[in-house]
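> Encoded as structure tokens, here's the structure I'll be asking about.
The values are calculated or read from the model by the stated rules, or taken from the named source; none is laboratory data. Worth saying up front: this structure is predicted, and the values here are computed from it rather than measured. We place every Cβ from the backbone using ideal geometry, glycine too, and count neighbours over all the protein chains shown.
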């Protein structure tokens, strides 16, 4: 943790408006992207974004530096707020569910080959398939591949354990491949 | 799956990463005034710490309530007992009234000046009026009747005799049996009996020792009669059996 972070956390604990503005400038974009990724509609995303930061500023006393970085802690709040919003306020959306466990039967080699091809067609197929994933699985994939968070950090954000996150990542990857195959056919 | 293997996959899955990057690029941009709105919301919303500051007051209120419950006497200790038996302070006139106060101004003959006696008298009258007003309406009615028939005593010159007379009238005058009787001073206090107190609380419905003795006696008699009746029934049944 840098010295700037320490000053920022101290300022937030004192409810300093300057520190709050600084936190918004530093983490605002990241939080908005995380929220907008999960929640459809800009207005909804804005509402959740505001709730996230109000919660961050109000509950900064509960933040423990020993457990995570400030960014991960904010990310955890953003994730929980988004999931809560989706459960209670959002319109229900149907996602692909692999109830028969067919994705698990797919070979790893086949999956690795597909995701390793940097062709435009595959990329488009992956983007289309991503829309059929449930929000929590999509969030895990994004956190791992795009934000390059470690399993421990993802586990902290999703209030889980690293092994569960690892198995969920593997399963989601195969599920994504299964959806691609369905879209191709 | 181990983390190392997953990290390797992260590097290998180029297409997946590219897809995510494109998705992120197409995400809606954050409105410029959103942070300003958050700051405005923060300024408008009441701070939670204020709510947290309430808990000591709540705790204090709870403690005060608990102490009040502890200190309050139980309902059995009613003030009617005190009213039924006149208190010693009522029977014996107060020494401050009968004996001249050392602080009272004296005239040349060593007697209390009339102005001072008037002051003391008015104080006594006020005190007594307050005391009677707190009691039952019947006592108030009696006192009003007494007021009408009483000649004013404030014009008397002998302060000590007058005060003593007033006190005696106040304390020892029995309760008049009918209206129009009695003759006390303006601030006369009537000793209240049980009949004057309206029974409004269930704990006042208590039997006297005589009534209790009578009840016991009646219960014993009833029991004896019941035993005799049982014996007669038994005899009758035996006779019936013998005849059969």
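> Considering only the stretch A:4-29, state which residues are at the interface with chain B (Cβ under 10 Å from one of its Cβ atoms), touching a helix residue (DSSP H, G or I) at 6+ places or on another chain (Cβ under 9 Å) and surrounded by fewer than 15 Cβ atoms within 10 Å (Cβ to Cβ). Break it down into steps so the answer makes sense when it comes.
Taking the stretch A:4-29 as the starting set, the residues that turn out to be at the interface with chain B (Cβ under 10 Å from one of its Cβ atoms) are A:15, A:17, A:20-21, A:23-25, A:28-29.
Within this subset, residues satisfying the condition of being touching a helix residue (DSSP H, G or I) at 6+ places or on another chain (Cβ under 9 Å) are A:15, A:17, A:20-21, A:23-25, A:28.
Matches in the stretch A:4-29: A:17, A:25.
> To continue, here is another question. Kindly establish whether residue B:42 is surrounded by 10 or more Cβ atoms within 10 Å (Cβ to Cβ) and modelled with pLDDT of 60 or more.
Yes.
> Return the pairs, sorted by first residue and then second, in which the second residue is outside any helix (DSSP H, G or I) and modelled with pLDDT of 90 or more, the first residue lies in the stretch A:35-46 and is assigned by TED's automatic domain parsing to the domain that holds residue A:141, the beta carbons are less than 9 Å apart, and the residues are 6+ apart or on different chains.
Close Cβ pairs satisfying both conditions: none exist.
> Here is a further query. Based on what the data block shows, is residue A:139 under 15 Å from residue B:10 (Cβ atoms), within 12 Å of another protein chain (Cβ to nearest Cβ) and not in a loop (DSSP other than H, G, I, E, B)?
Considered against the rule, which asks whether it is under 15 Å from residue B:10 (Cβ atoms), within 12 Å of another protein chain (Cβ to nearest Cβ) and not in a loop (DSSP other than H, G, I, E, B), residue A:139 comes out as no.
> OK, next. Here are some conditions: (1) surrounded by fewer than 20 Cβ atoms within 10 Å (Cβ to Cβ); (2) at the interface with chain B (Cβ under 7 Å from one of its Cβ atoms); (3) under 14 Å from the mean Cα position of the chain (by Cα). Residue A:36 meets all but one. Which one does it not meet?
(1)
> Please find, among A:81, A:65, the residue that is under 22 Å from residue A:139 (Cα atoms) and more than 10 Å from chain B (Cβ to nearest Cβ). Before the answer, list the steps.
On the way: A:65 fails: under 22 Å from residue A:139 (Cα atoms).
Among A:81, A:65, only A:81 is under 22 Å from residue A:139 (Cα atoms) and more than 10 Å from chain B (Cβ to nearest Cβ).
> Working only within the stretch B:16-40, note down all residues that are within 7 Å of another protein chain (Cβ to nearest Cβ), farther than 13 Å from residue A:142 by Cα and in a helix (DSSP H, G or I).
Result: B:34, B:35, B:37, B:38, B:39.
> Just give me the residues in the stretch A:44-62 being within 10 Å of chain B (Cβ to nearest Cβ) and either in a helix (DSSP H, G or I) or under 18 Å from residue A:149 (Cβ atoms) (or both), in sequence order.
Of the residues in the stretch A:44-62, the ones within 10 Å of chain B (Cβ to nearest Cβ) are A:45-46, A:49-54, A:56-59, A:61.
Those that are within 10 Å of chain B (Cβ to nearest Cβ) and either in a helix (DSSP H, G or I) or under 18 Å from residue A:149 (Cβ atoms) (or both): A:45, A:46, A:49, A:50, A:51, A:52, A:53, A:54, A:56, A:57, A:58, A:61.
> To continue, here is another question. Just to verify a result, which residue in the stretch B:1-13, among those that are part of a helix (DSSP H, G or I) and either modelled with pLDDT of 85 or more or more than 15 Å from residue A:112 (Cα to Cα) (or both), is farthest from the other protein chains (Cβ to nearest Cβ)?
B:4
> Name every residue in the stretch B:28-39 that is exposed (fewer than 14 other Cβ atoms within 10 Å of the Cβ) and under 30 Å from residue A:132 (Cα atoms), in order of residue number.
Correct list: B:28, B:29.
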